[in-house]
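S.K.: My questions will all concern the structure given below.
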Amino acid sequence: MFSTVLIANRGEIALRVARTCKELDLRVVAVHSTEDRDSAVVRFADEAVQIGPAAARHSYLSVPAIVEAALRTGADAVHPGYGFLSEDPVLAEECAANGIVFIGPPPGVIERLGDKTAARALMHEAGLPLLPGSLHALGTADEALAVADSIGYPVIIKAAAGGGGRGLRVVPEPGAFARAYQETRAQAQTLFGDGRVYVERYLGSARHVEIQILCDAYGNGVHLGERDCSVQRRHQKLVEEAPAPALPDGLAERMGESAVRGALAAGYVGAGTFEFLVAPDGSFSFMEVNCRIQVEHPVTEMVTGIDLVREQIRVAARARLAFTQDDVAVRGVAIECRLNAEDPRRDFAPAPGVLTRFEPPGGPFVRVDTHGYPGYRVPAVYDSLLAKLIVWAPDRPAAIARMQRALDEFHITGPGVHTTAAFLREVIDHPLFRHAKHDTAFVAQFLAADPHDPGGSV
Amino acid sequence: MFSTVLIANRGEIALRVARTCKELDLRVVAVHSTEDRDSAVVRFADEAVQIGPAAARHSYLSVPAIVEAALRTGADAVHPGYGFLSEDPVLAEECAANGIVFIGPPPGVIERLGDKTAARALMHEAGLPLLPGSLHALGTADEALAVADSIGYPVIIKAAAGGGGRGLRVVPEPGAFARAYQETRAQAQTLFGDGRVYVERYLGSARHVEIQILCDAYGNGVHLGERDCSVQRRHQKLVEEAPAPALPDGLAERMGESAVRGALAAGYVGAGTFEFLVAPDGSFSFMEVNCRIQVEHPVTEMVTGIDLVREQIRVAARARLAFTQDDVAVRGVAIECRLNAEDPRRDFAPAPGVLTRFEPPGGPFVRVDTHGYPGYRVPAVYDSLLAKLIVWAPDRPAAIARMQRALDEFHITGPGVHTTAAFLREVIDHPLFRHAKHDTAFVAQFLAADPHDPGGSV
Amino acid sequence: MTLAPEQPVHDLAPDTAAELIDLVGAVREHATRLIVDLSTAPSAVRVRAGDVLVELEWQSAAPVAPDHPAPTAHSSTPATANAPAGPVPPDTRAAGPPGERTIAAPSVGTFYRSPEPGAPPFVAEGDLVAPGRQVGIVEVMKLMIPVHADRAGRIARFLVDDNEPVEYGQPLVALDAAAE
Amino acid sequence: MTLAPEQPVHDLAPDTAAELIDLVGAVREHATRLIVDLSTAPSAVRVRAGDVLVELEWQSAAPVAPDHPAPTAHSSTPATANAPAGPVPPDTRAAGPPGERTIAAPSVGTFYRSPEPGAPPFVAEGDLVAPGRQVGIVEVMKLMIPVHADRAGRIARFLVDDNEPVEYGQPLVALDAAAE
């Protein structure tokens, strides 16, 4: 096992990782920007290093600054959290070159699965079902149009280097294709420095269901069940739950087996997520692999009892998986709500500021993962995720009732500060969600009919 | 099901009960003294009634005030919590007389089991093992001495109307008996208005292990496993865990079956606790029944996934138990620490005051039940329990590591405010506890060797 | 300014740093609560305890919206531990003009102005009462608890109607104590 | 100003430095909390405990942006979003006499005073430097980042030894700007 783990992240996930490190009796090094010098993880860590200014590209995205901090503090492992450098093969390589363990898959695996077309081709070979579409990045607009025509409309154009809901464009009919193709390529070049795109069929009504997998360095892999993340706004997840409600019998098991097969084919080591779309007819299609711990990992932890960050650290330290697929049992239902510092009445504009009141809910089967505390100043320059509220219950109606209670109990106020708590309460209360009849279009439909978003911009 | 539940209690348990009521979509009425008008449950409840002054005997212990408040607010059920009137047959009777459901056992059952000698006799009949001792209250000192002599020393003298660790006296040898007998009788008269006492053998080294039971109104009963509450200071529990560590194989099951048999023999309805002592030789003896929800109920909830307050309310509403003994599965290990507003360096003297900082821990598998919040003024006039910190993990070492982490994360400060958090950290760290070699004498021995209690008064 | 020059404190023995740290916390807390508890924003506040001083001022009469601790509607009464038998400190919920005192409910229950239905009330508005004079009844679960004036004065007005439910400590009767 | 002159406190026994350090921390902390707890910004605040005094005032109704109540040791620097290439606002951890400015580390890394081992340092204490003059190097992962003076002045002293690890923003060199 390691002696010291440097956490190359901020916000709730940095604290989340630090907590498990402490439980494993590991020394914790936090790195932070000037903006985050009073952050919860800095207060929690054994040591903190200020690695750069507020701008993430010179702090949380600076590989040299992070490796320098690791070397000087004697860290023998780096946990990248999610976002930032979590899926950057360069950090993984630099860590390896300096004798530091990167807690994540090997750099080559990150690189291959990070290229969404390469990942599609690899999973196709491994026998996973894909949506009709291109297995390789597309060339000229005419070539791409021919592929789109052969798939049938609507199609979705995606950046090969994209992921996390960015660099996407839906094309409803052939006449709109050429322009959307150029725009997506240009956007991909801007966002990812890589203009390659691919096309696949777009499912207007589908469930986003993903499988959590865990592999050790000895070729053993298990899945920890599925999560439903269909409650999304503009491809950003808002509410997640495990298990996925109202799936056809046996579907989750088949998806789980597919994910493990795909992971082993890719040489995966660590915790990862296979994202699938489930069509109304019950068929499922591979979308992409996320080579990191996910924001929504707690719902899997709550139903399996397995601390995913602990297992990440264990397998990174070359330990074998301590359990087999048969040992993994899912109990009850867990739901997560993401409370963002955003104002739903102003089209979810960021609403940061000082938290004059910050009182998380408590009591039975309620978990809060947050870096907030009374007096904390939510910075304007980073992601607006302020807290994850997770509840568990024996069944879904009880979990929904518990989430309602817990959301009502969460008191966050401050000058200029708004959160999505009340909006999430309405989402959870909605009959479509309560009856598990929702799909990925649910929030957009809900907002279109709702005064939260009077401009109707969704 | 009910429409409105009045909670006849204060502090963390009032909020705990209110949370489950909300989840069951029940209207919540809080009652409070003048001292508690800004309390968490008052803020949480749908309606609050000020029923009396700070002195509990004119507020939380006033049956007329509570029933009056229930009638005027349209409450159709009263939840008594623990302590105060939770085991007072008069409140149960007055509720019944006014058409209100008392959420607890029938008055006759409370009365019979509240008389510790009657309870012993009843459980003896039901075949439960008792410690050698008197089955009835004792008469003259000479008669009592003869009983003690026949039991063999040390013996313990207990108030028939006692319970909860009050009204006890240990007698090491015959010469000390007469005086201790008179003192215990006088104390019992003062504390409980009932001078009757009984005698049983005193086990110097024993584990306190208790069984959680749940019975419906149709003669169905189950147990939800055991809790070890051996970490006690002056008969007050400090740390509890489920399951009990290092018990001989099959013992917990035998105790569970005994408890259910005893409960059904008593005509029990609701949630209750059978307290046992487990001797070093692995034999167990019935001690008493607690006819209420216990402070330490969360550890059972965490390992079984069953919300005990919910089940209390359901069976009080004449619902049948929704599960059988076979459905109850214990998973992992849960530990609870009681954080009291006390100063361990001043012999655990109450240390109340305003909480200028109050930041409970969070993250994976951590639960906090507390009525504290930033700015809350902990009153001096009530019990010093400020928060219960509960953790869950797949095994005991991981649960202990998690508790250490969570205790370190709990920040409570204020002028004059002290808590037992750091003391509990030392208890949890102690090799005897870590290796589950501790018994009910553990804390006293620990304190005798420790600077917390320089006077050596324990 | 406005925050006037401060006089030195000569007579107190020097405190230890630890004592001062405790004290400054308490004084600051009380200053905050003081402001929070006020319904009208002050333009300056000074709280001193021994060697500890907290002062604040505001440039204009901007509303000081009390933030936190978030009190409920009845936060401003100091809690006390009086038994119902003794004089009950009234809530300030229905605070009247200065000089006016209130008589508070000795129990949760129902307030009656008369000994029994149809009977004349114990007292009427405008009556002069002596200390100990009964002015009403609070009934709790068929238990009749008399309500007495705890001082001499003139009955200014009833704050609660006949046969109305009351909480413990709720002001029942306004008494003009100055009118004695 | 509006905060009027304060009279000295004569009669208190001199505290030890350690006690005063504790005390000033606590007083500063409470002053911050006091401001944080109010939703309307005061125009002046004074908190005193014994020999320790914290006073603040604001010239206009400028936004009092209290950061938060539990700052770490380096709480008093306003956070900024400058890129390393630009001038780095130094921490006030090693604040010197008034008029003195510091040059801050442009990156986490190791500070060197000389271009290479054994070579003479870029500048020595007492040197007059022009804006843009290189005064050192911070090495991060074999990348050499020059440290420049951002204004003219005299090198007052080095705040970090040669070959010592530094954090981003850490003051490296004290510059007497008035000595230009």
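The values are calculated or read from the model by the stated rules, or taken from the named source; none is laboratory data. As the structure is a prediction and not an experimental result, all values here were calculated from the model. Please note: Cβ atoms are built from the backbone with ideal geometry, for glycine as well, and neighbour counts cover all protein chains shown.
S.K.: Only residues that are crowded, with 19+ Cβ neighbours inside 10 Å, aliphatic (A, V, I, L, M) and assigned to a strand (DSSP E or B): list them for segment C:145-180, please.
M.R.: C:VAL147, C:ILE155, C:ALA156, C:VAL166, C:LEU172, C:VAL173, C:ALA174, C:LEU175
S.K.: Moving to a separate point now. If you go through segment C:127-136 one residue at a time, do you hit one that is within 14 Å of chain B (Cβ to nearest Cβ) and under 25 Å from B:PRO53 (Cβ atoms)?
M.R.: Pass one, segment C:127-136, residues within 14 Å of chain B (Cβ to nearest Cβ): none.
Scanning segment C:127-136 turns up no residue that is within 14 Å of chain B (Cβ to nearest Cβ) and under 25 Å from B:PRO53 (Cβ atoms).
S.K.: Taking only pairs six or more apart or across chains, which ones have beta-carbon atoms under 7 Å, a first residue in segment C:138-160 that is under 30 Å from B:ALA96 (Cβ atoms), and a second residue that is surrounded by 15 or more Cβ atoms within 10 Å (Cβ to Cβ) and of a type in the set (D, E, K, R)?
M.R.: From residues that are under 30 Å from B:ALA96 (Cβ atoms), the pairs are C:VAL140/B:GLU68; C:MET141/B:GLU68.
S.K.: Give me a count of the residues in segment B:290-305 that are more than 10 Å from chain A (Cβ to nearest Cβ) and either in contact with a Cys (Cβ under 8 Å, 6 or more places away or on another chain) or without any contact (Cβ under 8 Å) to a residue 60 or more places away in the chain (or both).
M.R.: Of the residues in segment B:290-305, 1 are more than 10 Å from chain A (Cβ to nearest Cβ) and either in contact with a Cys (Cβ under 8 Å, 6 or more places away or on another chain) or without any contact (Cβ under 8 Å) to a residue 60 or more places away in the chain (or both).
S.K.: Which one of these is aromatic (Phe, Trp, Tyr), free of Cβ contacts under 8 Å to residues at least 60 places away in the same chain and either farther than 24 Å from A:LEU447 by Cβ or in contact with a strand residue (DSSP E or B) (Cβ under 8 Å, 6 or more places away or on another chain) (or both): A:PHE284, A:PHE358?
M.R.: A:PHE358
S.K.: Residues of segment A:404-424 being within 13 Å of chain B (Cβ to nearest Cβ), of a type outside the set (A, V, I, L, M) and assigned to a helix (DSSP H, G or I), which ones?
M.R.: A:GLN404, A:ARG405, A:ASP408, A:GLU409
Yes/no matrix, rows are residues, columns are (1) buried (at least 24 other Cβ atoms within 10 Å of the Cβ); (2) touching a Phe, Trp or Tyr at 6+ places or on another chain (Cβ under 6 Å); (3) within 14 Å of another protein chain (Cβ to nearest Cβ); (4) under 25 Å from B:HIS208 (Cβ atoms):
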| site | (1), (2), (3), (4) |
| --- | --- |
| B:ASP115 | no, no, no, yes |
| B:ALA118 | no, no, no, yes |
| B:THR140 | no, no, no, no |
| B:VAL170 | no, yes, no, yes |
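S.K.: Could you go through segment B:81-94 and let me know if any residue there is among the β-branched types (Val, Ile, Thr) and crowded, with 24+ Cβ neighbours inside 10 Å.
M.R.: No, segment B:81-94 contains no residue that is among the β-branched types (Val, Ile, Thr) and crowded, with 24+ Cβ neighbours inside 10 Å.
S.K.: Return the residues of segment A:361-390 that are touching a helix residue (DSSP H, G or I) at 6+ places or on another chain (Cβ under 6 Å) and at positive phi; say none if nothing qualifies.
M.R.: Those that are touching a helix residue (DSSP H, G or I) at 6+ places or on another chain (Cβ under 6 Å) and at positive phi: A:GLY363, A:GLY375.
S.K.: For the subset of segment A:263-281 comprising residues that are touching a residue at least 60 places away in the same chain (Cβ under 8 Å) and part of a loop (DSSP other than H, G, I, E, B), which member is farthest from A:ALA8 (Cα to Cα)?
M.R.: Top of the filtered list is A:PRO280.
S.K.: May I pose another question? Counting only residues that are under 18 Å from A:THR184 (Cα atoms) and either acidic (Asp, Glu) or under 23 Å from the mean Cα position of the chain (by Cα) (or both), give me the helices (runs of 4 or more DSSP H) lying completely in segment A:93-158 with at least 3 of them.
M.R.: A:141-151
S.K.: Tell me the strands (runs of 3 or more DSSP E) entirely within segment A:315-403 that contain at least 3 residues that are under 22 Å from the mean Cα position of the chain (by Cα) and away from chain D (no Cβ under 14 Å). Talk me through it step by step, then tell me what you get.
M.R.: On the way: elements: A:333-340, A:357-359, A:366-370, A:385-393.
By residue number, A:333-340, A:366-370, A:385-393.
S.K.: Please indicate, with yes or no, whether at least one residue in segment B:96-119 is within 22 Å of C:PRO165 (Cβ to Cβ), in contact with a Pro (Cβ under 8 Å, 6 or more places away or on another chain) and free of Cβ contacts under 8 Å to residues at least 24 places away in the same chain.
M.R.: no
S.K.: Kindly check whether there is at least one residue in segment A:62-75 that is of a type in the set (D, E, K, R), part of a helix (DSSP H, G or I), free of Cβ contacts under 8 Å to residues at least 40 places away in the same chain and surrounded by fewer than 22 Cβ atoms within 10 Å (Cβ to Cβ). Break it down stepwise before answering.
M.R.: Step one: filter segment A:62-75 for residues of a type in the set (D, E, K, R), giving A:68, A:72.
Next, only the ones that are part of a helix (DSSP H, G or I) stay: A:68, A:72.
Those still in the list that are free of Cβ contacts under 8 Å to residues at least 40 places away in the same chain too: A:68, A:72.
Filter again for surrounded by fewer than 22 Cβ atoms within 10 Å (Cβ to Cβ), leaving A:72.
Scanning segment A:62-75 turns up at least one residue that is of a type in the set (D, E, K, R), part of a helix (DSSP H, G or I), free of Cβ contacts under 8 Å to residues at least 40 places away in the same chain and surrounded by fewer than 22 Cβ atoms within 10 Å (Cβ to Cβ).
S.K.: Now a separate question. Tell me yes or no: at least one residue of segment A:25-32 is at the interface with another protein chain (Cβ under 9 Å from one of its Cβ atoms), under 22 Å from B:ARG405 (Cα atoms) and not in a helix (DSSP H, G or I).
M.R.: Yes, the conditions are met somewhere in segment A:25-32.
S.K.: Go through the residues of segment B:12-21 one by one and say whether even a single one is in a strand (DSSP E or B) and within 21 Å of the chain's Cα centre (by Cα). Reasoning before the result, please.
M.R.: The first filter runs over segment B:12-21 and keeps only residues in a strand (DSSP E or B), leaving none.
For segment B:12-21, residues in a strand (DSSP E or B) and within 21 Å of the chain's Cα centre (by Cα): absent.
S.K.: Related question: Give me a count of the residues in segment B:49-61 that are more than 7 Å from chain C (Cβ to nearest Cβ) and surrounded by 24 or more Cβ atoms within 10 Å (Cβ to Cβ).
M.R.: 2
S.K.: Which one of these is free of Cβ contacts under 8 Å to residues at least 60 places away in the same chain and part of a strand (DSSP E or B): A:GLY225, A:GLY167, A:GLY175?
M.R.: Step by step, each of A:GLY225, A:GLY167, A:GLY175 is checked, and only A:GLY167 is free of Cβ contacts under 8 Å to residues at least 60 places away in the same chain and part of a strand (DSSP E or B).
S.K.: Let me ask something else about it. Give segment A:33-44 a look and list any residue that's among the hydrophobic types (A, V, I, L, M, F, W, C) and within 11 Å of chain D (Cβ to nearest Cβ), or say none. Please lay out each step first, then the result.
M.R.: Step one: of segment A:33-44, the residues among the hydrophobic types (A, V, I, L, M, F, W, C) are A:40-42, A:44.
Those that are among the hydrophobic types (A, V, I, L, M, F, W, C) and within 11 Å of chain D (Cβ to nearest Cβ): A:ALA40, A:VAL42.
S.K.: Shifting gears a bit: Which residue pairs have Cβ atoms closer than 9 Å, lie 6 or more positions apart in sequence or on different chains, and pair a first residue in segment A:206-217 that is part of a strand (DSSP E or B) with a second residue that is basic (Lys, Arg) and buried (at least 24 other Cβ atoms within 10 Å of the Cβ)?
M.R.: Hits for this filter: A:HIS208/A:ARG227; A:VAL209/A:ARG227; A:GLU210/A:ARG227; A:ILE211/A:ARG227; A:GLN212/A:ARG227.
S.K.: Where residues in segment C:1-54 are more than 9 Å from chain D (Cβ to nearest Cβ), closer than 21 Å to D:ILE35 by Cβ and modelled with pLDDT under 70, which of them is surrounded by the fewest Cβ atoms within 10 Å (Cβ to Cβ)?
M.R.: C:THR40
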